[in-house]
1. Counting only residues that are among the acidic types (Asp, Glu) and under 23 Å from residue 20 (Cβ atoms), how many does segment 43-80 have?
2. Can you pull out every residue in segment 95-116 that is assigned to a helix (DSSP H, G or I), out of contact with any Gly (no Cβ under 9 Å at 6 or more places or on another chain) and buried (at least 17 other Cβ atoms within 10 Å of the Cβ)?
3. Could you tell me which numbered condition residue 62 fails, if it satisfies all but one of (1) surrounded by fewer than 17 Cβ atoms within 10 Å (Cβ to Cβ); (2) of a type outside the set (Val, Ile, Thr); (3) out of contact with any strand residue (DSSP E or B) (no Cβ under 9 Å at 6 or more places or on another chain); (4) modelled with pLDDT under 95?
4. Filter segment 203-220 down to the residues that are more than 21 Å from the chain's Cα centre (by Cα) and of a type in the set (Ser, Thr, Tyr) and list them by number.
5. Looking at 69, 76 in this structure, which one is more than 22 Å from residue 133 (Cβ to Cβ), aliphatic (A, V, I, L, M), touching a residue at least 12 places away in the same chain (Cβ under 8 Å) and exposed (fewer than 14 other Cβ atoms within 10 Å of the Cβ)?
Amino acid sequence: MKVVILAGGFGTRIADVDSTIPKPMVPIGGLPILWHIMNRYAKFGFKDFYLALGYKAEVVKEYFWNYRILGSNFTIDLASGAIERIDTPAVDWRVTLVDTGLSTMTGGRLRRLAPYLNGEPFLLTYGDGVADVDLNHLLAHHRKNAKEVTVTAVRPAARFGELSLDGSRVTEFREKPHVDTGWINGGFFVCENRFLDRIAGDETVLEKEPLETAARAGELNAYCHDGFWQCMDTKRDKDHLEAIWASGKAPWL
């Protein structure tokens, strides 16, 4: 099954980390967060990727163009230019990189990939969040419920300690717990191809009309994920992910 990753936004809230690269290329542990996301899918056997690019698309293209050589040890004959690779990255992914426009909205980027999806169902996520979602369970849940779209619902950790109050008396204190009230869109979708018909054009925001109308039609299902999930919207988020990676216990691996 094909995996679509929306990787074309401006990422203005994290621009202070490195304004020369798009957000999906911001490194965690020396590897772009985009690589971490793709590696999670590959772990479950989903290795056919379609990247919807926009802002600084050339940076993403150059990364994958040079992926084999930059990830290899090699010997180069400077007289002839011949290169002998000593080893190469053990990755068998197929990556299609499509420039979907600089200012195209999330829905429009997805719509522009329609010719590459061959009318088939597909997996879909954003290029800025990692999770330990069991993607096989997600797909099975989608097929069982037979809806147009399944979205992974998550409850992110609160940024601050949570207080439960009775008047002014604190009855419970929990240090950065998961949010108990409400679920949010955690990405990691499964979509039937007919969902693309809900996207009018480049100006369409995926999270507005397409998903809202699918919900009203009873065609949007949720897969509730209580495990690890973390987006990377700010430098603080990046630093948090770096600390998890440095611990050697990154849940998304």
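1. We begin by selecting, within segment 43-80, every residue among the acidic types (Asp, Glu); these are 48, 58, 62, 77.
Okay, now just the ones that are also under 23 Å from residue 20 (Cβ atoms), so 58, 62.
Total satisfying the criteria: 2.
2. Let us first name the residues in segment 95-116 that are assigned to a helix (DSSP H, G or I), namely 106-112, 114-116.
Now restrict to residues that are out of contact with any Gly (no Cβ under 9 Å at 6 or more places or on another chain): 110, 114-116.
Within segment 95-116, just 110 meets the criteria.
3. Every condition holds for residue 62 apart from (4).
4. Residue satisfying the conditions is 213 alone.
5. Details: 76 fails: touching a residue at least 12 places away in the same chain (Cβ under 8 Å).
Unique residue meeting the criteria: 69.
Residue-wise test of (1) over 14 Å from residue 95 (Cα atoms); (2) modelled with pLDDT of 95 or more; (3) out of contact with any strand residue (DSSP E or B) (no Cβ under 9 Å at 6 or more places or on another chain).
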| position | (1), (2), (3) |
| --- | --- |
| 8 | yes, no, no |
| 14 | yes, no, yes |
| 41 | no, yes, no |
| 67 | no, no, no |
| 76 | yes, no, no |
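The values are calculated or read from the model by the stated rules, or taken from the named source; none is laboratory data. As the structure is a computational prediction, the values presented were derived from the model and not from experiment. Every residue, glycine as well, gets a Cβ built from its backbone with ideal geometry; the counts of neighbours run over all protein chains shown.
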